[in-house]
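The values are calculated or read from the model by the stated rules, or taken from the named source; none is laboratory data. Computed from a predicted structure; not experimentally measured. Reconstructed Cβ throughout: ideal geometry from the backbone, glycine too, with neighbour counts over all protein chains shown.
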Amino acid sequence: MAKASDVKNGNVLRFNGELVQVEEFLHRTPGNLRAFYQARMRNVKSGKLVEYRFRTDEEVDIARVETSDYQYLYDEGESLVVMDNTTYDQHSIPKKLFGPAVKFLKEGMNVIVAFESEEPIMGSIPGSAELEITYTEPAVKGDTSSGAQKNATVETGAEIRVPLFINIGDKVKIDTTTGTYVERVKA
């Protein structure tokens, strides 16, 4: 067991029987009262936000979380099959750990998966992805209003909004956290 003073932002704690990741951990010393730590933590499984005040000498259980780089191999129903880049071991990881960004995941991409005692608890994909446009309406000559956008489908099957000058076969860079178009990639 560790003391509350050992906790840092990003640590994963076992709190009330659940795993939570510390988003913000501040030391407070209000006037003539005792000092405490104000913590804002997010439940790893449900995503709920938890706020709690720790006494400075309170014991906390910091979970041993190991993160590693993996390569995404293929989709398998409700899970993704990934391969460890160093040992070549394959693991089946639930899709829900990656959140909505999973729709921009392309075979061969590198992902990060965090394990707590052999159980996958968190997953993240790169902040941006370069994907090819497989379907979009053709641009109409003279239709050049600034900021206008149209629907397009990328090679992973996800739909995004792109500027009018983007055509089928173009490669575009997408922000995976928001699902928005960033720029056209020069071939």
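Hey, can you tell me all the residues within the range 33-56 that are in contact with a helix residue (DSSP H, G or I) (Cβ under 7 Å, 6 or more places away or on another chain) and at pLDDT below 90?
Step one: filter the range 33-56 for residues in contact with a helix residue (DSSP H, G or I) (Cβ under 7 Å, 6 or more places away or on another chain), giving 37, 54-56.
Thr56 - this is the single residue of the range 33-56 that is in contact with a helix residue (DSSP H, G or I) (Cβ under 7 Å, 6 or more places away or on another chain) and at pLDDT below 90.
Restrict the check to the range 130-151 and report whether at least one residue is among the small types (Gly, Ala, Ser) and closer than 30 Å to Arg64 by Cβ. Lay out the reasoning, then the answer.
At the first step, the residues of the range 130-151 found to be among the small types (Gly, Ala, Ser) are 139, 142, 145-148.
Then drop every residue that is not closer than 30 Å to Arg64 by Cβ, which leaves none.
Scanning the range 130-151 turns up no residue that is among the small types (Gly, Ala, Ser) and closer than 30 Å to Arg64 by Cβ.
Can you list the strands (runs of 3 or more DSSP E) found entirely within the range 1-93 that contain at least 1 residues being touching a residue at least 60 places away in the same chain (Cβ under 8 Å)? Write out each step before concluding.
On the way: elements: 12-15, 18-28, 36-43, 49-55, 59-62, 65-76, 79-84.
So the answer is 12-15, 18-28, 59-62.
Name the single residue, out of those in the range 96-110 being at pLDDT 90 or above and touching a Pro at 6+ places or on another chain (Cβ under 8 Å), that is surrounded by the most Cβ atoms within 10 Å (Cβ to Cβ).
Per the criteria, the residue is Met109.
Mind checking which residues of the range 105-121 are within 15 Å of Asn85 (Cβ to Cβ) and of a type in the set (S, T, N, Q)?
Within the range 105-121, Asn110 is the sole residue that qualifies.
Scan the range 15-33 residue by residue and report those that are farther than 19 Å from Arg64 by Cβ and hydrophobic (A, V, I, L, M, F, W, C).
Step one: filter the range 15-33 for residues farther than 19 Å from Arg64 by Cβ, giving 23-24, 26-33.
Hits for the range 15-33 are Leu26, Leu33.
If a residue must be part of a strand (DSSP E or B) and at pLDDT below 90, how many such residues does the range 121-148 contain?
To start, the set of residues in the range 121-148 that are part of a strand (DSSP E or B) comprises 121-124, 128-136.
Okay, now just the ones that are also at pLDDT below 90, so 121-124.
Result for the range 121-148: 4.
Which residue out of Asn151, Asn167 is over 30 Å from Asp84 (Cα atoms), among the polar types (S, T, N, Q) and either assigned to a strand (DSSP E or B) or in contact with a His (Cβ under 7 Å, 6 or more places away or on another chain) (or both)? Give the steps one after another, and end with the answer.
Details: Asn167 fails: either assigned to a strand (DSSP E or B) or in contact with a His (Cβ under 7 Å, 6 or more places away or on another chain) (or both).
It is Asn151.
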